[in-house]
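Working notes, beginning with the structure itself.
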Amino acid sequence: MNPRTAVATHAVSKRYRDVLAVAALDLDVRRGEIYGFLGRNGAGKTTTIRMLLGLIRPTDGNVEVLGKRVQPGTNDVFAHVGYLVESATAYPNLTVRENLDIQRRLTRAPYAAVDDAIDLMRLGQHADRRAGVLSLGNKQRLSLARTLLHKPELLILDEPANALDPGGIVEVRELLRSLASERGVTVFMSSHILAEVAHLADRIGIVHEGRLLEELDRDELRAKERLYVEVGASEPERAATLLAAAGFAHIEKVDGRLRVFGAEERVPEIARVLVNSGLDITHLAPVHEDLEAHFLRLTGGVG
Ligand code: ATP
């Protein structure tokens, strides 16, 4: 395994009877990066994460984490991994500090790790409250604090923004960013919300029906943002020919309308070309197609 790789899957698949939850997935997460594993509900994210953690056995293929092959039952590598899988629970009758202290003992972390984690997750004012009475957002912070106690090199987080309010989401984003940049922690996180990972991840893998459809780094993400002028005209074919003849080089036809690229500044010219040739214009508007639309198009939604 490449020493710069933190997590790798090699053609890993998981089948549940007639459902292929994960299909020949190849992942290569590099050390120090934040990798956003993005997919709609049911795409196979949780199943993948469970295989990364050795909680379930792949039907095919294999998984390596921090240079070691993962097999159910092996756990030495997980001394360096912090993980959060759905519905992480705390002991409701113990305080935040007591919950963290139990985890500290389990991971043999030093005493100071508890206060560090409390500070990092801004749980100071809740430290002596019972976990059971915390808001959902603060419960999630407690779960994240537990994953950080033993100062892991790698964090594997399943939907870490679940249950957090918008302010909490921003805080967690900042925290993950500083863990990656200041401590070199690798973060592999899943999400079904593009906006949540688009501003945080160094790379995004888009998963759909168990397959990795696309991997994008920051620059590629930006390049996916598309700007075009949408044109509806009485004779679309003729309109396309006329516009091409007038020097509009990139035109796509979608659902009876034209998308004219690189033309945001030339809307009046488009109108003139069409009207002067006797066509009726039914629609003429610049469109900024964002990443969300790209994601929805890729995963079969409306967009
Ligand atoms: P979500 O965000 O809704 O959790 P996900 O992307 O994490 O979605 P998975 O939970 O991995 O998706 O599920 C992928 C597919 O595998 C789904 O069709 C799901 O119904 C199926 N599946 C998952 N676990 C099991 C199981 N234990 N038995 C049978 N089918 C399962």
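General remarks:
- For the range 1-144, the fraction of alpha-carbon pairs in successive 10 Å shells from zero, as %: 10, 33, 30, 22, 4
- The range 1-104 - percent relative contact order, Cα under 8 Å, separation 6 or more: 27 percent
- Pairwise label distance in nanometres, residue 223 with residue 24, each label 7 Å out on the Cα-Cβ vector: 2.6 nm
- Were the residues from residue 244 through residue 183 laid out at 0.36 nm apart, the gain over their Cα-Cα distance would be 16.6 nm.
- Calculated FRET value between residue 56 and residue 151, using beta carbons and R₀ = 22 Å, to 0.05: 0.25
- In the range 165-303 the Cα-Cα distances spread across 10 Å bins starting at 0 as 10, 32, 24, 18, 12, 4, 0 percent of all pairs.
- Normalised by residue count, the range 225-298 yields a Cα convex hull volume of 83 Å³ per residue.
- Where the alpha-carbon atoms of the chain are placed on the principal axes, they occupy 80, 45, 35 Å, in descending order.
- Helix-only mean residue ellipticity at 222 nm for the chain, each DSSP H run of n ≥ 4 adding -39500 (n - 2.57), per residue, nearest 500: -9500 deg cm²/dmol
- Note on the range 190-271: the alpha carbon radius of gyration divided by the globular reference 2.2 N^0.38 Å gives 1.48.
- Rounded if a/c under 1.5, otherwise prolate or oblate - the range 1-47, Cα gyration tensor axes: oblate
- Compactness check for the range 120-238: Cα Rg over 2.2 N^0.38 Å is 1.43.
- Subtracting the Cα-Cα distance of residue 282 and residue 129 from their residue separation scaled by 0.36 nm leaves 48.8 nm.
- Antiparallel DSSP beta bridges within the chain, percent to nearest 5: 70 percent
Just so you know, all these numbers are worked out from the coordinates, no wet-lab data involved. What you see is a predicted model, and the numbers here were worked out from it, not measured in a lab. Ideal geometry is used to build each Cβ from the backbone, glycine not excepted, and the neighbour counts take in all protein chains shown.
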